[in-house]
Every structure is written in C-alpha cells, then in structure tokens.
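Colleague: What follows is a structure written as structure tokens; I'll ask about it next.
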Amino acid sequence: MHRLGISRDVLQKETTLRVDGEGVRSLSALAMHLPVSVIDPGVFDVVAGGPGKRRQFLDWAVFHVEPSFASIWQQCQRVTSQRNQTLRNGRLDESLLRVWDHQYAGLSNQITEARQTTFGRFKSAFETLVREVEVEWTDGLKLEFYPGWDTSQPLVDLLASHREQERKVGHTLYGPNRADIRLKFQGRPVAETFSRGQQKTLVILMKIAQGMVLSDMGKQVTFLLDDINAELDEGHRAMLARRLQALGCQVFITSIERPLVDQLWPDGRAPEYRMFHVEHGKLTEE
C-alpha cells in the first residue's frame with residue numbers, strides 16, 4: 001500500500017508529485033503504483049488504427065508487469081535517435097553505425113523479451129475471458145505478437161544487410177519500433193472483417209484482459225470510462241460493468257447523460273457507488 005500525491009500550481013505551471021511523502025521527479029514513478037486504464041471513444045482505434053496504437057496498448061501492460069521496462073525503453077529511444085541521426089548524415093560513418101547497431105540490438109532484444117512475456121499473460125487471460133462470453137467469432141480469432149523483425153535472423157545482421165535501404169529513408173526500419181499485435185479472423189485482419197460493433201466488443205474484452213493480468217499479480221487497476229453511452233449499446237455497457245465489478249476494481253464513469261444503474265447491473269447486484277453532477281464547474285453529490 002502506497003500513499004500517492006499530485007498537485008498542480010496553475011499560475012506557476014508546476015506539478016508536484018509525491019510517493020509515500022517523498023517527492024519524485026517523473027510521472028512514471030507515480031504511475032507504476034497507480035495503473036489507470038481509460039476506455040473512451042478513442043480507445044477503439046486499438047483495432048482500427050495503426051500498429052502504434054497496439055504497441056501503446058501492449059506497452060501499458062508491460063510497464064506495470066516488468067519493473068525494468070521503462071528504463072530500457074527510454075535507453076532504446078535515445079539510441080534509436082542517435083542511430084537515425086547517423087543514418088541521415090550526408091557521409092555515412094559505418095564504424096559509428098556499427099556501434100549503434102550493437103547497442104540498439106541489445107536493448108531491442110530486452111524490450112522484445114519483456115513484451116513477449118507480458119503478451120503471453122495477456123493472451124492467456126483474453127482466451128479465458130472469451131470462453132466465458134457469448135460472441136460468435138471466438139473460434140476464428142487469432143492474436144499474434146510481431147516483434148518488429150524476423151527473429152530467425154539476429155537483428156544486428158538484419159540491420160547490416162539493409163544498410164542502404166535505411167540510409168535512403170533516414171531512419172530505423174527494423175526493431176521494436178515496428179512491433180505490433182496482429183489481430184486476425186479466419187486469416188484476415190480484424191479491421192477488414194469485423195463490424196464497428198464487433199471491433200468495440202473486441203477492444204472491451206482486450207481491456208478487461210489487461211485488468212485480469214494485473215489483478216493476478218495483486219495490482220488493482222483503476223478504470224476511467226468516458227462517455228461510453230455514445231459508443232456502446234445497452235448490452236455491451238452491462239457486460240463491461242459486470243466484468244469490471246468481477247475484477248473488484250475502482251471505476252469512474254463520466255457521461256453527458258445520467259447513467260442508469262439498473263441498465264448497467266440489470267441483475268440488481270449493483271456495487272456501492274456515488275453519483276455526482278458537474279455544472280458550471282461546481283461538483284455536487286446526488
């Protein structure tokens with residue numbers, strides 16, 4: 001159990017962060033003790049959007065599962081930046097590039113190992129979850145982790161063999177910056193085969209599975225649900241509410257319309273809750 005504090009000086013534009021009464025400099029030091037998962041209209045881009053959205057989805061879980069991941073990821077970003085700068089130089093410095101290649105490959109392997117481990121836990125939780133819900137597409141659905149390059153060949157050799165290609169584009173083309181979670185149904189990308197409603201259901205189940213992974217590790221996720229009435233029908237809202245209740249996590253729901261408790265928990269087993277109304281910046285409890 002940790003005591004977390006955050007304050008913001010609006011005039012000075014300064015933020016103060018504390019963990020157990022001690023000041024910390026980075027938001028990540030605070031975030032590691034408070035996993036917060038957001039479900040809002042933008043989250044559905046995890047399926048329909050590009051690989052970057054899915055990397056962000058996976059790395060959120062990796063950050064909370066693997067304590068060393070944040071530091072390794074930051075180191076890799078710095079090395080990638082230096083490597084890209086070297087690639088963009090008019091006269092290619094091959095000896096310097098080989099140095100960056102080895103550093104980049106070593107960090108990439110560490111990042112990929114952490115991602116692969118967490119993805120394995122996530123996939124197991126997801127498969128358990130979909131067996132418990134009534135959706136018609138579970139048999140044909142396949143989730144795969146793509147590390148960002150063909151791992152049958154060492155990354156450092158792959159980089160050397162594609163030197164001219166990377167020099168022309170001026171940035172790194174292989175490695176964890178190209179990683180993805182590939183979602184396919186009957187061999188085709190889910191974004192091409194699923195309806196908008198099916199994609200929403202899939203993303204909800206993926207988010208819940210993330211919460212299950214952290215719950216199994218003794219970490220409680222705080223879920224923030226923003227305007228789900230605009231994106232989800234009554235049945236999906238009830239499914240989401242029921243599954244989050246089963247996780248025993250804290251949930252904050254914001255909505256333009258007043259949430260109907262009897263619709264979220266139609267079985268009459270609503271958890272303890274408090275309702276607030278915000279108008280003209282004033283917060284009042286109903």
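Colleague: Would you please list the contacts, defined by Cβ atoms under 6 Å and residues six or more apart or on different chains, that run from a residue in segment 274-286 that is among the aromatic types (Phe, Trp, Tyr) to a residue that is in a strand (DSSP E or B)?
Modeller: Going by the 6 Å Cβ cut-off, the qualifying pairs are PHE276/LEU283; PHE276/GLU285.
Colleague: A further question on this structure: Pairs please, first residue from segment 114-127 and aliphatic (A, V, I, L, M), second anywhere and open to solvent by less than 60 Å² (accessible area, probe 1.4 Å) and in a helix (DSSP H, G or I), Cβ atoms under 8 Å, 6+ apart in sequence or on different chains.
Modeller: Sorted first by the residue in segment 114-127, then by its partner, the pairs are ALA114/VAL62; ALA114/VAL65; ALA114/PHE69; ALA114/ILE72; ALA125/ALA209; ALA125/GLN210; ALA125/MET212; ALA125/VAL213.
Colleague: Quick check on segment 83-117: of everything there that is under 17 Å from the mean Cα position of the chain (by Cα) and polar (S, T, N, Q), which residue is surrounded by the most Cβ atoms within 10 Å (Cβ to Cβ)? Steps first, please.
Modeller: Going residue by residue through segment 83-117, those that are under 17 Å from the mean Cα position of the chain (by Cα) are 111-117.
Okay, now just the ones that are also polar (S, T, N, Q), so 112, 116-117.
Details: THR112: 19, GLN116: 14, THR117: 13.
Among them, the one singled out is THR112.
Colleague: Related question: If only one of GLY248, GLY197 is closer than 18 Å to VAL133 by Cβ, within 21 Å of the chain's Cα centre (by Cα) and touching a residue at least 12 places away in the same chain (Cβ under 8 Å), which one is it?
Modeller: Testing whether each residue is closer than 18 Å to VAL133 by Cβ, within 21 Å of the chain's Cα centre (by Cα) and touching a residue at least 12 places away in the same chain (Cβ under 8 Å) leaves just GLY197.
Colleague: Just to be sure, is GLN220 open to solvent by 50 Å² or more (accessible area, probe 1.4 Å), in contact (Cβ under 8 Å) with a residue 24 or more places away in the chain and part of a helix (DSSP H, G or I)?
Modeller: no
Colleague: While we're on this one: From the set of residues in segment 200-216 that are over 15 Å from the mean Cα position of the chain (by Cα) and more than 29 Å from GLN74 (Cα to Cα), which is least open to solvent (accessible area, probe 1.4 Å)?
Modeller: Per the criteria, the residue is THR201.
Colleague: Please go through segment 252-286 and give me each residue that is in contact with a His (Cβ under 6 Å, 6 or more places away or on another chain) and open to solvent by 100 Å² or more (accessible area, probe 1.4 Å), ordered by number.
Modeller: GLU286
Colleague: Only one of (1) open to solvent by less than 30 Å² (accessible area, probe 1.4 Å); (2) free of Cβ contacts under 8 Å to residues at least 40 places away in the same chain; (3) of a type outside the set (Asp, Glu) fails for THR80. Which number is that?
Modeller: (2)
The values are calculated or read from the model by the stated rules, or taken from the named source; none is laboratory data. Here the structure is a predicted model, which means the values were calculated and not measured. Cβ atoms come from the backbone with ideal geometry, glycine included; neighbour counts cover every protein chain shown. These accessible areas exclude ligands, DNA and RNA; they are computed on the full protein's heavy atoms, side chains included. Shrake-Rupley method; radii C 1.70, N 1.55, O 1.52, S 1.80 Å.
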